[in-house]
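Data block below; observations after.
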Amino acid sequence: MTTPLELVVLDMAGTTVLDDGVVEQAFQRAAERTGVADRMPWDEALDYVRVTMGQSKIDVFTHLSGGDAEAAARATAALEGAYAEIVSEQGVSEIPGAADAIQGLKDSGLKVVRTQTSSVHAVAVAGDTVSDVESGRRAGAGFVAGVLTGAHDRPALSAAGADAVLSDVTALRGVLAQRDLLPLVATS
């Protein structure tokens, strides 16, 4: 018998919120403001950002800065400000149906934050990058899903070890129900 899940960990950009290039724009602004973009042509740097999407931002900037840890730290800090600026300028939108999907997960008895979970095996992870899937696998999550609304495609997410690759986050509750991974919720 499978252990029902207790917690769902969801990535944001590309999984629950439309990205529309915001993360890439924020990387570029941060790199330009801190000089990290001066080391290599931006097209080459952007290719690296795309391939490593979902990985630790400081690791990405460390590579882009040629191993300069101080420059990477400055760029990582600048990324947060740049991201907030872009979101303020352009706004953000949910992946259609994401808010309802999150509420449906909660209504099924799952927590959608990391609290009072009995073990990592009682956690589901969903994200749009190979890194999200690999992180869930390395952590020992009980279920790991890739979603196709962001950075990486089905073959990449499958190869990374996703238990399921979904069109978007709205399919998560259904696949968890099909696999008997939802907790038994008392109804009265």
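The values are calculated or read from the model by the stated rules, or taken from the named source; none is laboratory data. Computed from a predicted structure; not experimentally measured. A quick note on method: Cβ atoms are made from the backbone with ideal geometry, for glycine too, and the neighbour counts reach across all protein chains shown. Keep in mind that these areas ignore ligands, DNA and RNA; they rest on the heavy atoms of the full protein, side chains included. Shrake-Rupley method; radii C 1.70, N 1.55, O 1.52, S 1.80 Å.
Looking only at the chain, where both bridge partners belong to it, what percent of the DSSP beta bridges are antiparallel (to the nearest 5)?
On the way: 1 of 14 bridges.
If I count the DSSP bridges inside the chain, around 5 percent turn out antiparallel.
Counting pairs of alpha carbon atoms under 8 Å apart in space and at least six apart in sequence, what relative contact order in percent does the chain give?
Working: 321 pairs, mean separation 57.4, N = 188.
Relative CO of the chain lands at 31 percent.
To the nearest 20 debye, what charge dipole does the chain have about its Cα centre, counting +1 at the Cβ of each Lys and Arg and -1 at the Cβ of each Asp and Glu? Intermediate values should be presented prior to the final figure.
Values: 14 positive and 26 negative charges, 139 e Å.
Dipole of the chain, to the nearest 20 debye: 660 debye.
Taking the 0 to 90 degree range and rounding to the nearest ten, how far is the long axis of helix 42-51 tilted relative to the main principal axis of the chain, both from C-alpha atoms?
20
Please state, to two decimals, what the Cα-based radius of gyration of segment 82-150 comes to when divided by 2.2 N^0.38 Å (N = residues). Write out the running numbers ahead of the final one.
On the way: Rg = 14.4 Å, N = 69, 2.2 N^0.38 = 11.0 Å.
Output field value: 1.31.
Specify, per residue and in Å³, the volume enclosed by the convex hull of the alpha carbon atoms belonging to the chain. Write out the running numbers ahead of the final one.
Details: hull volume 24.7 nm³, N = 188.
In the chain, the Cα convex hull volume per residue is 131 Å³.
What does the highest-first list of 148-155, 59-66, 39-46 look like by mean Cβ count within 10 Å?
Working: 148-155: 18.8, 59-66: 20.2, 39-46: 13.8.
So the order, starting with the most tightly packed, is 59-66, 148-155, 39-46.
Mind checking the angle between helix 130-139 and the chain's longest principal axis? C-alpha axes, 0 to 90 degrees, to the nearest 10.
Between the helix axis and the principal axis of the chain, the angle is about 60 degrees.
Test of understanding: what is the full-extension gain from A139 to E24, defined as 0.36 nm times their sequence separation minus their Cα-Cα distance? It would help to have the intermediate numbers written out before the result.
Numbers: separation 115, 0.36 × 115 = 41.40 nm, distance 2.66 nm.
Roughly 38.7 nm would be gained on extension.
In whole angstrom, how far apart do the alpha carbon centroids of segment 44-114 and segment 126-188 sit?
18
Using the Kirkwood radius over C-alpha pairs as Rh, can you work out the diffusion coefficient of segment 120-186 via Stokes-Einstein at 37 °C, viscosity 0.692 mPa s, in µm² per second? Please list the in-between numbers first.
Working: Rh = 11.7 Å.
Roughly 279 µm²/s, to the nearest whole number.
Note the angle between two axes, namely the Cα long axis of helix 69-90 and the longest principal axis of the Cα atoms of the chain, as a number of degrees from 0 to 90, rounded to the nearest 10.
The answer is roughly 70 degrees.
When ligands, DNA and RNA are left out and all protein chains stay put, how many square angstrom of accessible area per residue does segment 42-91 have with a 1.4 Å probe?
Details: 2690 Å² over 50 residues.
On a per-residue basis, segment 42-91 sits at 54 Å².
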